[in-house]
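Student: Take this structure, written in structure tokens, and hold onto it; I'll ask about it next.
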Amino acid sequence: MVNIQLQPDFIFEISWEVCNKVGGIHTVLCTKARLMQEEWGDRFVMIGPDLPTLNGINPELLEDKTLFPVWKAQLQEKGLSVRAGRWNIPGQPLVMLIDFTPLFRQKNEIFTALWIRYHLDSLSGQWDYIEPACFGYAAGLAIECFYRSHLNSTDKIVAQFHEWMTGAGILCLENLAPQIATVFTTHATVVGRAIAGSGQPFYSTFPAIHAETAAREMNVISKHSLEKISANIADCFTCVSEFTARECEKFLDKQPDFITPNGFDPSFVPPPAIFEAKRAAARAKVRSVAAALFQQELPEDTLLIIKSGRYEFRNKGIDLFIDSLALLKNDPQLKRTLLAVIFVPASHTGPRDLLVESLAHPDFLHPRTGEVLTHNLQAAEADPVMKRLRGHNLDNSPASHVKVLFVPTYLDGEDGIFNMPYYDILLGFDLAIFPSYYEPWGYTPLESLAFHIPALTTSLSGFGAAVRQLPDYTGDGVFIIDRKDGNEKEVAAAISGIIRDYSRMPAAEVEKIAAPQLESVHISGGTILSIAIKWLMISHCKKACKGSGYSGRSRRPFLLPQRRI
């Protein structure tokens with residue numbers, strides 16, 4: 001039993017996705033921040049990169065230039081600048097954004113020192129390694145400086161670092177301030193993600209994979225090295241699912257101390273009094289954008305289906321989602337018009353003038369065929385989604401009951417077409433499809449369920465596997481398809497069958513399976529506080545270290561037992 005009196009005095013949480021939406025970790029952080037702020041107040045600080053923007057403004061940062069003047073001044077002496085304020089999300093936690101670019105001039109010295117001390121192999125690292133590694137190291141310097149300037153030497157401090165991108169911060173603190181407890185959380189292993197995304201079979205070959213050989217073949221040696229060393233140096237190592245735990249044991253030679261599934265803060269869901277109005281507004285927006293692009297009116301009962309997430313064509317199951325739509329294109333049992341919207345951020349140059357003009361001046365007398373994109377996608381001819389759609393002749397012709405909209409941008413409320421945040425658009429859909437091949441957790445189906453939208457996931461997602469273990473799981477509202485190497489055709493057929501059956505489902509039955517989904521999310525969401533318990537254990541470990549006169553690097557006497565929370 002954990003002694004809840006052993007609590008850290010101060011908590012830092014570090015991620016490349018703090019105030020920087022890239023993928024699911026941004027959502028993980030946003031939806032736990034309010035709960036952490038309520039529990040810890042301003043003793044909880046999040047740290048992210050200060051990245052350049054087109055207009056020089058980060059809309060997620062509410063900057064307060066009066067915060068921490070002494071600390072900022074000390075960092076400036078080290079050549080680093082920081083912007084502090086509040087993250088513009090529920091809870092508005094304290095946030096620090098670090099300009100890590102001055103460390104580029106010192107990168108050779110930094111990486112040399114990390115090689116000498118920890119054997120971190122940075123030789124083959126390109127800019128997609130150097131940038132986050134420098135950010136992580138800068139975060140470590142900032143925390144150490146904050147500790148020296150604002151905290152007491154007896155304070156129990158915990159710093160949680162997400163993913164390999166921040167791992168250099170763990171190594172920095174291990175050297176400069178080992179009394180600060182570090183937690184390393186991986187959401188997907190570097191080697192696992194690389195192999196699965198390469199098109200090679202991952203699960204059937206898993207027992208024979210040699211991590212270092214695979215890292216060399218996938219050209220991710222430096223990333224893998226930083227991830228592995230961080231996992232083994234940190235005081236506590238966590239991951240998000242049993243799937244990832246198995247990868248960690250094999251690829252990183254480290255069994256996670258804790259498995260901490262991601263939860264969801266239900267306060268993001270509109271209250272019942274305004275839910276239906278917001279849902280109606282979202283549906284109207286989606287239908288109007290599609291109708292303007294296609295110059296075709298869509299029926300009121302059009303079935304709206306969403307596929308969203310990071311642009312990992314195979315890992316996220318985008319390929320099989322498109323294949324399932326192709327199977328429905330000529331299905332006589334599909335009695336309703338189906339609009340599938342793919343929200344997957346990619347390189348684009350802004351909204352298409354053609355669509356902006358059509359939204360302002362709709363014309364349904366001259367329907368278009370072949371229009372799919374809402375924004376100007378770079379290298380569209382070579383884009384995997386576009387190629388797959390063309391290969392299946394999913395061209396939005398007036399005669400087809402299956403329509404597809406490809407939205408290659410983040411929905412931040414300022415995309416130029418929808419101009420609504422993702423959650424405000426999400427709740428307008430009828431069904432969410434996420435047929436992932438490699439998905440250590442899987443936040444998108446969890447989000448969808450929170451907004452009362454039935455969702456499909458697979459047996460290869462951490463979330464799907466976790467749901468199947470719930471004692472009251474019946475399958476209603478959460479469709480879990482079995483995926484494995486080589487059964488792509490069966491999966492696509494299963495997805496199309498679920499969509500077809502759902503399209504014919506009576507309204508009363510749809511309401512029945514959608515309504516209870518928030519309760520299911522509460523079950524998963526309860527695990528969000530497990531991270532606090534983990535921190536309590538770590539603070540106890542550090543207290544024991546201090547009490548013993550600890551001064552060296554070895555923490556063997558105080559290693560945490562493996563626990564499942």
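Student: Within the stretch 241-284, restricting attention to residues that are in a helix (DSSP H, G or I) and of a type in the set (Phe, Trp, Tyr), which residue is nearest to Leu304 (Cα to Cα)?
Tutor: Per the stated criteria, the residue is Phe275.
Student: Sticking with this one: Examine the stretch 12-21 for a residue that is in contact with a His (Cβ under 7 Å, 6 or more places away or on another chain), closer than 21 Å to Glu144 by Cβ and not in a helix (DSSP H, G or I), and state whether such a residue exists.
Tutor: Checking the stretch 12-21: at least one residue is in contact with a His (Cβ under 7 Å, 6 or more places away or on another chain), closer than 21 Å to Glu144 by Cβ and not in a helix (DSSP H, G or I).
Student: Additional query: Collect the residues in the stretch 85-124 that are farther than 29 Å from Phe68 by Cβ and without any contact (Cβ under 8 Å) to a residue 12 or more places away in the chain, keeping them in residue-number order.
Tutor: Of everything in the stretch 85-124, those that are farther than 29 Å from Phe68 by Cβ and without any contact (Cβ under 8 Å) to a residue 12 or more places away in the chain turn out to be Asn108, Thr112, Trp115, Ile116.
Student: Can you find a residue that is touching a Gly at 6+ places or on another chain (Cβ under 6 Å), more than 22 Å from Asp323 (Cβ to Cβ) and crowded, with 22+ Cβ neighbours inside 10 Å anywhere in the stretch 443-453?
Tutor: Yes.
Student: Now a separate question. Restricting to the stretch 270-310, and then to whatever is touching a Pro at 6+ places or on another chain (Cβ under 6 Å) and of a type outside the set (A, V, I, L, M), can you tell me which residue is farthest from Leu338 (Cα to Cα)?
Tutor: Result: Lys278.
Student: Given the conditions (1) free of Cβ contacts under 8 Å to residues at least 60 places away in the same chain; (2) under 24 Å from Lys285 (Cα atoms), which single one is not true for Ile481?
Tutor: So the condition that Ile481 fails would be (2).
Student: Could you pull out the residue among Arg105, Arg117, Arg83 that is within 25 Å of the chain's Cα centre (by Cα) and assigned by TED's automatic domain parsing to the domain that holds Thr27?
Tutor: Arg83
Student: How many residues, within the stretch 70-126, are surrounded by fewer than 18 Cβ atoms within 10 Å (Cβ to Cβ), outside any helix (DSSP H, G or I) and not charged (D, E, K, R)?
Tutor: Counting residues in the stretch 70-126 that are surrounded by fewer than 18 Cβ atoms within 10 Å (Cβ to Cβ), outside any helix (DSSP H, G or I) and not charged (D, E, K, R) gives 9.
Student: Continuing with this model, one more query. Cβ-Cβ under 9 Å, sequence separation 6+ or interchain: first residue in the stretch 336-360 and modelled with pLDDT under 95, partner part of a helix (DSSP H, G or I). Which pairs?
Tutor: That search, which allows pairs on different chains as well, returns Arg336/Ser503.
Student: Please determine whether any residue of the stretch 226-239 is closer than 24 Å to Gln469 by Cβ, small (Gly, Ala, Ser) and at pLDDT 95 or above.
Tutor: Within the stretch 226-239 (the criterion being closer than 24 Å to Gln469 by Cβ, small (Gly, Ala, Ser) and at pLDDT 95 or above), the answer is no, since none of the residues qualifies.
Student: Can you give me the ranges of the strands (runs of 3 or more DSSP E) entirely in the stretch 355-444 with at least 1 residues that are polar (S, T, N, Q) and farther than 28 Å from Asn330 by Cα?
Tutor: 375-377
Student: Scan the stretch 315-330 and give yes if some residue there is in the same structural domain as Pro445 (by TED's automatic domain parsing), at pLDDT below 95, more than 29 Å from Val467 (Cα to Cα) and not in a helix (DSSP H, G or I), otherwise no.
Tutor: Yes, the stretch 315-330 contains a residue that is in the same structural domain as Pro445 (by TED's automatic domain parsing), at pLDDT below 95, more than 29 Å from Val467 (Cα to Cα) and not in a helix (DSSP H, G or I).
Student: While we're here: Among the helices (runs of 4 or more DSSP H) lying completely within the stretch 446-561, list those that include at least 3 residues that are out of contact with any helix residue (DSSP H, G or I) (no Cβ under 6 Å at 6 or more places or on another chain) and at pLDDT 80 or above.
Tutor: 462-468, 488-503, 507-514
Student: Is it the case that some residue within the stretch 362-384 is at positive phi and without any contact (Cβ under 8 Å) to a residue 60 or more places away in the chain?
Tutor: Yes, that holds for at least one residue.
Student: While we're looking at this one, here's another question. Within the stretch 67-86, identify whether any single residue is under 30 Å from Leu446 (Cα atoms) and not acidic (Asp, Glu), and answer yes or no.
Tutor: Yes, the stretch 67-86 contains at least one residue that is under 30 Å from Leu446 (Cα atoms) and not acidic (Asp, Glu).
Student: Do the conditions hold for Ala277, that is, is it touching a residue at least 40 places away in the same chain (Cβ under 8 Å), over 25 Å from Val191 (Cα atoms) and surrounded by fewer than 23 Cβ atoms within 10 Å (Cβ to Cβ)?
Tutor: no
The values are calculated or read from the model by the stated rules, or taken from the named source; none is laboratory data. A quick note: this is a predicted structure, and the numbers were derived from the prediction, not measured. Please note: Cβ atoms are built from the backbone with ideal geometry, for glycine as well, and neighbour counts cover all protein chains shown.
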